[in-house]
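Q: Sharing a structure here in structure tokens format.
The values are calculated or read from the model by the stated rules, or taken from the named source; none is laboratory data. This structure is a prediction, so every number in the text was calculated from the model and none was measured. Cβ sites come from the backbone with ideal geometry, for glycine too, and all protein chains shown count toward neighbours. Only protein heavy atoms, including side chains, enter the accessible area calculation; ligands, DNA and RNA are left aside. Shrake-Rupley method; radii C 1.70, N 1.55, O 1.52, S 1.80 Å.
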Amino acid sequence: MDLVFTTDELEPSKRYAAWQGAICDVYVHVDVNAEKRSDYEGFIREARFGPVTMTDVLLSEQRITRRERHIAKLDKDCYYVEFVQQGKVNILQAGQTLLSNPRVGAIFAASEAYDLECMGKVRSLYLEIPRKEFAARFSDSKLPVAMTIPTGRGLGRIAAEFSAAIATEGSALDETVRSKLGTELMDVLALALDMGDKDELSEDATAQKARLRSVKVWIDEHLTDPDLSLEKIARSNGVSLRHLHYLFRLTDVSVSEWILDRRLQRCYDVLTRPELRSLSVTEVAYQLGFSSSSHFSTVFRRKFGHSPSELRRR
């Protein structure tokens, strides 16, 4: 993610004033107030994934306020989704107080008045999601103004882990892939909110599909790993090898077949990009996890009907 602001290189006496300006530039049209200003610490990192803007924020204890005078200046209508990694945040909106912490996320409306009470030092991921696009994912096209998202299990956990994975790995991907990830993330969040407390990861088919989606995203982000194995995929995604195979029973291919197909498609994309013509076919194959150039050429021809070299000559 791109660094927008940090207090690291500022003198302690200047940090809070600098932070006030920075957060008002990023979270446009809010007031911030902190009682403990002498040792203020914070940073803002940001990345865009198509319709979704993701921000990684470190906050010292403070209160963030948005009122009608701020809302009148807004040029977009969106939701904020917050996943806290450290600390606690109280979100006050529409007569409710939502308690957000590392096991409970929250969604609230950016275009409605709110207060955020940051209790101690807080590290959070914030997602900015367009209201119209997100509301269209619900049968009645409406979403409560503010509600919590349990992130210790089921679909809420999947949504939080998916967000964290995108924040860590997604910025290095090209714009088209990032845009798809943003759309996928909205789908997973909509499922989590629609199911509420009803989801059970071990039993519910909808949750299984969301889990499969999360695993596929992780695999896509690690296709270049030549040591990528089914055991490593299962371990990194917190499932057993048996459950990994079970998840892919929801598709028409096995895990290994899906990985091969994704690698071949990624190779095809690289080979057709003019700015990457300096890479040889063998280099492309090795960079995408193939250990044998001859095997790569064979499976490539089988899928696309011509060899990688023939594709390059077109």
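Q: Starting from the amide H of C78, placed 1.01 Å from N in the peptide plane, find each other amide H under 5 Å away whose residue is 5 or more places distant or on another chain.
A: It is A110, S111, R131, by chain and number.
Q: Of K36/K76; K216/K303; K73/K132, which sit over 28 Å apart, Cα to Cα? Let's see the in-between values first.
A: Numbers: K36/K76 32 Å; K216/K303 20 Å; K73/K132 19 Å.
Violating the 28 Å Cα-Cα cut-off are K36/K76.
Q: Using only the alpha-carbon atoms, how far is helix 154-169 inclined from the longest principal axis of the chain? Give it as 0 to 90 degrees, nearest 10.
A: That works out to roughly 80 degrees.
Q: Report, to the nearest 10°, how far helix 12-26 tilts away from the longest principal axis of the Cα atoms in the chain, using its own Cα long axis and a range of 0 to 90°.
A: Tilt relative to the chain: about 70 degrees.
Q: Using θ = phi - 60° and the Karplus form 6.51 cos²θ - 1.76 cosθ + 1.60, what ³J(HN,Hα) does each residue of segment 112-127 get, whole Hz, x for Gly and Pro?
A: Each residue of segment 112-127 in turn: 10, 4, 7, 10, 10, 9, 8, 8, x, 6, 10, 10, 9, 9, 10, 10 Hz.
Q: Same structure, new question: How far, in nm, would the chain grow between T282 and D75 when pulled straight, counting 0.36 nm per residue and subtracting the alpha carbon separation? All intermediate terms of the calculation are to be shown ahead of the outcome.
A: Values: separation 207, 0.36 × 207 = 74.52 nm, distance 4.91 nm.
Length gained, T282 through D75: 69.6 nm.
Q: Quickly work out the Q85-to-K180 label distance, labels modelled 7 Å from Cα along the C-beta direction, and quote it in nm with one decimal.
A: Result: 2.6 nm between the two label points.
Q: Obtain the nm distance between the two label points defined at A136 and E35 by a simple spin-label model: each point lies 7 Å from its Cα along the Cα-to-C-beta direction.
A: About 4.6 nm, to one decimal.
Q: Ignoring ligands, DNA and RNA, what percent of the 1.4 Å accessible area of the chain is carbon and sulfur? List each step's numbers first, then the result.
A: Working: 7460 of 15860 Å².
For the chain, the apolar C and S fraction of the accessible surface comes to 47 percent.
Q: Using the heavy atoms of the protein chains alone and a 1.4 angstrom probe, what is the accessible area of the chain per residue in square angstrom? The partial results should precede the final answer.
A: Working: 15860 Å² over 314 residues.
Roughly 51 Å² per residue, with all protein chains present.
Q: Two-decimal Rg/Rh of segment 1-88 from alpha-carbon positions, Kirkwood Rh?
A: On the way: Rg = 13.6 Å, Rh = 14.2 Å.
My calculation of the ratio gives 0.96.
Q: Which angle from 0 to 90°, rounded to the nearest 10, does the C-alpha axis of helix 255-271 make with the longest principal axis of the chain?
A: In the chain, helix 255-271 runs at an angle near 90 degrees to the longest axis.
Q: Now for a different question. Let me have the 222 nm mean residue ellipticity of the chain computed from DSSP H runs of 4+ only, each contributing -39500 (n - 2.57), with the sum over all residues rounded to the nearest 500. Please list the in-between numbers first.
A: Numbers: 12 runs with 135 residues, N = 314.
Helices in the chain give a 222 nm mean residue ellipticity of -13000 deg cm²/dmol.
Q: Continuing with the same structure: Length gain on complete extension for the stretch L3 to D227, per 0.36 nm per residue less the alpha carbon to alpha carbon distance? Intermediate values should be presented prior to the final figure.
A: Details: separation 224, 0.36 × 224 = 80.64 nm, distance 3.12 nm.
Contour length minus the Cα-Cα distance gives 77.5 nm.
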